[in-house]
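Data first, discussion second: the structure below is written as structure tokens.
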Amino acid sequence: MSVTKDTQLELHRMMMLIRLFEEALEEMFSRGLLHGTMHLSIGQEATAAGACLALDKKDLITSTHRGHGHCLGKGADPYKMFAELLGREDGYCRGRGGSMHIADLSNGNLGANGIVAGSLTISVGAALSFQLQKKENIVLCFFGDGAVNEGSFHEALNLASLWNLPVLFLCENNQYGMSMASEKAVAGESIASRGHSYGIESIQIDGNDVEAVYESVSTCKDEILSNNRPKFIEAVTYRYRGHSKSDRNLYRTSEEINFWKDEKDPIKRYIGKLLEQGITEVDLKEIDEEVKNTIRTSVKKALDSPLSPITNLEEDSYA
Amino acid sequence: MPELSVGQAINNALSLILKEYPNAFIAGEDIGIYGGAFGVTDGLLETFGEERIKDTPIAEDVIAGLAVGAAMTDSKPIVEMQFSDFIVNAMDPIVNQAAKLHFMYGGAVNVPIVVRGASGAGTGAAAQHSQSLESWFCHVPGLKVVTPSNPQNAYDLLLHSFVDPNPVIFMEHKLIYKIKDDVVLNNIPSNSELLGQAKILSEGNDITIVSYSNMVNAVKGAISSDELSEISAELIDLQTLSPLDMQTIITSVSKTKKLLVCQEAPANSSVGSTVISNVVQSDAFSSLSIAPKLVSGLHSPMPSAKHLETTVIPQKEDIMQAIKDMV
């Protein structure tokens with residue numbers, strides 16, 4: 001499969017948008033503008049961008065506590081995301097959800113989930129709806145390496161396989177569940193091999209190679225729809241920042257972090273590839289400036305927008 | 001008007017729902033060919049087929065979780081927890097997901113699911129198949145909790161739970177399944193107005209007795225006994241435990257000046273203790289002539305032997321004694 005130039009530029013743009021969105025959040029956090037914590041995916045942009053851009057708007061995703069990238073990838077408005085993190089009325093959840101719980105149904109994002117593996121079984125239910133409704137769409141379920149040791153991971157994979165559900169399980173293996181290295185947490189051959197155990201065709205890919213992610217997800221989607229079988233991708237990646245804002249990084253070395261930043265960074269690598277293929281620095285600069293401008297204006301607009309009013313929160317608990 | 005058991009009444013309600021709502025389906029353990037452990041889904045597989053009567057592996061977490069995901073995507077799932085004790089394996093999708101998503105996502109999604117489960121003791125099934133865990137769910141904002149006590153309200157409450165836009169925990173006491181009565185087979189309602197409404201089963205002036213689920217039937221036995229024929233008791237069946245219909249209780253207590261609550265569950269942090277707490281904090285407090293009383297199950301796991309089991313669960317005689325002590 002060859003990726004068109006337009007798609008290549010879009011993949012680059014999306015990775016830049018995710019990176020700059022989260023760097024802007026970090027800056028706002030350090031200025032004391034944000035209440036609460038957040039989980040940044042800086043370094044992992046290729047999985048979110050590559051996977052989401054391979055989907056149609058009507059395909060659904062479920063996301064994780066580290067979900068800003070998934071949300072942007074699926075087409076969310078950065079302004080409404082900043083507004084959410086700032087507790088504004090225009091935020092996706094009107095300040096009720098915050099960083100960990102953004103849902104954007106109009107773009108097919110069933111929501112980020114603060115419970116590790118919490119969205120696995122939900123994705124199975126959404127895929128069941130697609131099957132019952134005879135829709136030609138898939139559900140892409142994002143989860144991290146930490147999720148694969150939860151019972152619900154196994155119950156979800158088992159049922160998806162038994163019922164031939166149109167779901168693509170995408171494990172973003174960033175190699176640490178908070179401080180726990182996945183090699184200390186995951187028994188057996190690999191995370192991908194767990195998919196095989198349930199009769200689900202599973203592959204391991206370089207999660208920092210955005211085109212590899214894009215092509216794998218595109219291929220998996222086609223196969224899910226033509227064979228009526230779920231699929232499983234383990235995308236190996238790395239997060240540069242701590243688990244959340246309280247992390248002192250005691251469980252890994254700065255050499256290790258710097259190796260991934262210097263040698264494996266998904267954005268840097270992709271820029272190198274694009275330049276080799278004839279895309280010019282001017283093309284990329286134009287995109288980067290546009291993204292910077294989007295972030296700048298979105299932050300400003302969000303900061304200027306009104307706080308979510310204090311309504312009857314007890315009533316808001318019920319539909 | 002057919003005479004139906006509670007099990008048959010629920011079966012009729014499920015059948016009507018499946019007929020009227022093409023996007024409704026049922027999932028759970030042994031609900032297909034077996035007809036459910038208590039026979040509630042008997043015959044539905046033959047009528048509606050495997051696509052909509054979905055036998056699942058023994059995997060409560062994904063049973064509840066798939067209901068959440070399906071409900072968010074225009075399906076209308078009803079799932080069965082074979083014994084409500086097993087719901088413990090499904091607490092994340094119910095408590096952290098179903099109950100929270102509407103609020104957490106700023107009202108952008110609804111999670112209209114019904115989780116049915118067979119609750120309660122009296123069958124000698126011992127500690128892991130006999131619990132009354134309903135108050136756990138009352139503690140969680142976002143959930144509704146419903147407990148029928150007879151064929152008619154089992155039928156009606158299930159239909160109302162189904163059309164409610166929120167997740168509903170529907171606890172069916174095992175001992176009510178075989179209770180029979182004439183049932184009006186009402187149509188599916190346009191809204192869930194019945195949820196949150198207690199029902200006054202008998203009017204009286206001497207004492208207000210609040211109960212729910214199968215304990216309502218024990219209270220009925222107690223107040224209709226010859227020994228208490230002189231006492232005029234007002235019996236209120238809560239029907240819905242969350243939200244609680246406190247207004248009906250407060251109005252009644254203001255009239256009778258006495259409050260007795262009867263439940264099978266243990267007392268600590270329970271529905272009964274909440275009812276009493278709410279009454280004591282209400283305007284009805286000043287009308288109370290004596291302290292309210294809670295007759296509840298013992299704070300003990302359910303034993304299997306019959307004589308021990310009946311020691312843990314309040315019996316008709318315990319309720320009669322409490323009434324005599326208070327009036």
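The values are calculated or read from the model by the stated rules, or taken from the named source; none is laboratory data. Computed from a prediction, not measured in an experiment: that's the story for all the values here. Cβ sites come from the backbone with ideal geometry, for glycine too, and all protein chains shown count toward neighbours.
If you scan region A:25-70, which residues turn out to be in a loop (DSSP other than H, G, I, E, B) and free of Cβ contacts under 8 Å to residues at least 24 places away in the same chain?
A:31, A:32
Filtering region A:108-119 down to residues that are buried (at least 24 other Cβ atoms within 10 Å of the Cβ) and more than 7 Å from chain B (Cβ to nearest Cβ), which residue is farthest from residue A:145 (Cα to Cα)?
Filtering first and then ranking leaves A:109.
Go over the candidates A:276, A:281, A:256, A:289 one by one and state the one that is among the charged types (D, E, K, R), more than 14 Å from every other protein chain (Cβ to nearest Cβ) and under 30 Å from residue A:145 (Cα atoms).
After ruling out the rest, the residue left standing is A:256.
Where in region B:261-327 are the helices (runs of 4 or more DSSP H), entirely inside, with at least 3 residues that are acidic (Asp, Glu)?
Hits in region B:261-327: B:316-326.
Identify the residue in region A:133-156 that is crowded, with 20+ Cβ neighbours inside 10 Å and either within 9 Å of chain B (Cβ to nearest Cβ) or of a type in the set (D, E, K, R) (or both) and, among all such residues, is farthest from residue A:189 (Cα to Cα).
So the residue we want is A:139.
On the basis of being of a type outside the set (A, V, I, L, M, F, W, C), surrounded by fewer than 18 Cβ atoms within 10 Å (Cβ to Cβ) and assigned to a loop (DSSP other than H, G, I, E, B), does residue A:199 make the cut?
Taking the combined requirement at face value, the residue satisfies it.
With the condition being touching a residue at least 60 places away in the same chain (Cβ under 8 Å), I'd like the helices (runs of 4 or more DSSP H) fully within region A:204-316 carrying at least 3 qualifying residues.
Here the list reads A:210-227, A:266-276, A:281-304.
Just for region A:90-107: of the residues that are within 7 Å of chain B (Cβ to nearest Cβ) and of a type in the set (A, V, I, L, M), which one is farthest from residue B:93 (Cα to Cα)?
A:105
Mind listing whichever residues of region B:80-98 are more than 10 Å from chain A (Cβ to nearest Cβ) and in contact with a helix residue (DSSP H, G or I) (Cβ under 7 Å, 6 or more places away or on another chain)?
Answer for region B:80-98, where residues must be more than 10 Å from chain A (Cβ to nearest Cβ) and in contact with a helix residue (DSSP H, G or I) (Cβ under 7 Å, 6 or more places away or on another chain): B:81, B:86, B:87, B:94.
Somewhere in region A:168-187, is a residue within 14 Å of another protein chain (Cβ to nearest Cβ), in contact (Cβ under 8 Å) with a residue 40 or more places away in the chain, part of a helix (DSSP H, G or I) and within 28 Å of residue A:105 (Cα to Cα)?
no
Out of curiosity, is residue A:75 away from every other protein chain (no Cβ under 14 Å) and not aromatic (Phe, Trp, Tyr)?
Against the criterion (away from every other protein chain (no Cβ under 14 Å) and not aromatic (Phe, Trp, Tyr)), residue A:75 qualifies.
Got a sec? Which of B:222, B:233 is under 27 Å from residue B:121 (Cβ atoms), touching a residue at least 40 places away in the same chain (Cβ under 8 Å) and out of contact with any Leu (no Cβ under 7 Å at 6 or more places or on another chain)?
B:233
Take residue B:130 and decide whether it is crowded, with 24+ Cβ neighbours inside 10 Å and over 20 Å from residue B:67 (Cβ atoms).
Yes; evaluated as a whole, the condition is true for this residue.
Within region B:64-79, can you find the residues that are within 12 Å of chain A (Cβ to nearest Cβ), buried (at least 24 other Cβ atoms within 10 Å of the Cβ) and either part of a strand (DSSP E or B) or touching a His at 6+ places or on another chain (Cβ under 7 Å) (or both)?
B:77, B:79
Just to be sure I understand, how many residues within region B:189-216 are among the polar types (S, T, N, Q) and buried (at least 18 other Cβ atoms within 10 Å of the Cβ)?
Number satisfying all stated conditions: 5.
Scanning for something within 30 Å of residue A:183 (Cβ to Cβ) and of a type outside the set (A, V, I, L, M, F, W, C), does region A:282-304 turn up at least one residue?
no
Which condition breaks for residue A:84 when tested against (1) within 13 Å of chain B (Cβ to nearest Cβ); (2) charged (D, E, K, R); (3) surrounded by fewer than 24 Cβ atoms within 10 Å (Cβ to Cβ)?
Among (1) within 13 Å of chain B (Cβ to nearest Cβ); (2) charged (D, E, K, R); (3) surrounded by fewer than 24 Cβ atoms within 10 Å (Cβ to Cβ), the lone unmet condition for residue A:84 is (3).
Among B:46, B:50, which is under 25 Å from residue A:134 (Cα atoms), out of contact with any Phe, Trp or Tyr (no Cβ under 7 Å at 6 or more places or on another chain) and more than 14 Å from every other protein chain (Cβ to nearest Cβ)?
It is B:46.
Just to check your reading of the model, which residue among A:99, A:106 is polar (S, T, N, Q), without any contact (Cβ under 8 Å) to a residue 12 or more places away in the chain and either more than 22 Å from residue B:113 (Cα to Cα) or part of a helix (DSSP H, G or I) (or both)?
Just one listed residue meets the conditions, A:106.
Would you confirm whether or not region B:280-292 contains a residue that is outside the structural domain of residue B:162 (by TED's automatic domain parsing), crowded, with 24+ Cβ neighbours inside 10 Å and not charged (D, E, K, R)?
Scanning region B:280-292 turns up no residue that is outside the structural domain of residue B:162 (by TED's automatic domain parsing), crowded, with 24+ Cβ neighbours inside 10 Å and not charged (D, E, K, R).
Checking residue B:87 against (1) touching a residue at least 12 places away in the same chain (Cβ under 8 Å); (2) more than 30 Å from residue B:5 (Cβ to Cβ); (3) in a helix (DSSP H, G or I); (4) not basic (Lys, Arg), which single condition isn't satisfied?
Unmet for residue B:87, out of (1) touching a residue at least 12 places away in the same chain (Cβ under 8 Å); (2) more than 30 Å from residue B:5 (Cβ to Cβ); (3) in a helix (DSSP H, G or I); (4) not basic (Lys, Arg): (2).
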